[in-house]
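What follows is a short report on a single structure.
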Amino acid sequence: MCQHQPPCPSSDAAGRATARVVACHPEQGWSLLCNGVVLFDDTGELLPDRRAVPPHRPAVRRPAVRQPSARQPAVRRTAFVAAA
């Protein structure tokens, strides 16, 4: 039972990830919250009743790669070999 004032949200509440951290392991990518939820760095969650909540962060959109046009020839890269 949470002793914080105001009390932390329960593990069933929509805002369960806002509960206080009681154990933090950033090198492993997870934190244990006051309500028993294990919160992962990728925003996934493991609930006390063993249910898993998949990550819910927005997908990262990668910029499109521009292809060289017919007007601009592709740059030719050569390797530089240092003299011994």
Using amide H atoms built in the peptide plane, which far-off residues or other-chain residues are under 5 Å from V53 H to H? E45, L46, L47
Cut-off 12 Å, label point 7 angstrom out along Cα-to-Cβ of R20: give me the residues of the stretch 28-56 whose amide nitrogen falls inside. 34-35
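FYI, it's all coordinate maths here, none of it is from the lab. None of the values given here were measured: they were computed from a predicted structure. Ideal geometry is used to build each Cβ from the backbone, glycine not excepted, and the neighbour counts take in all protein chains shown.
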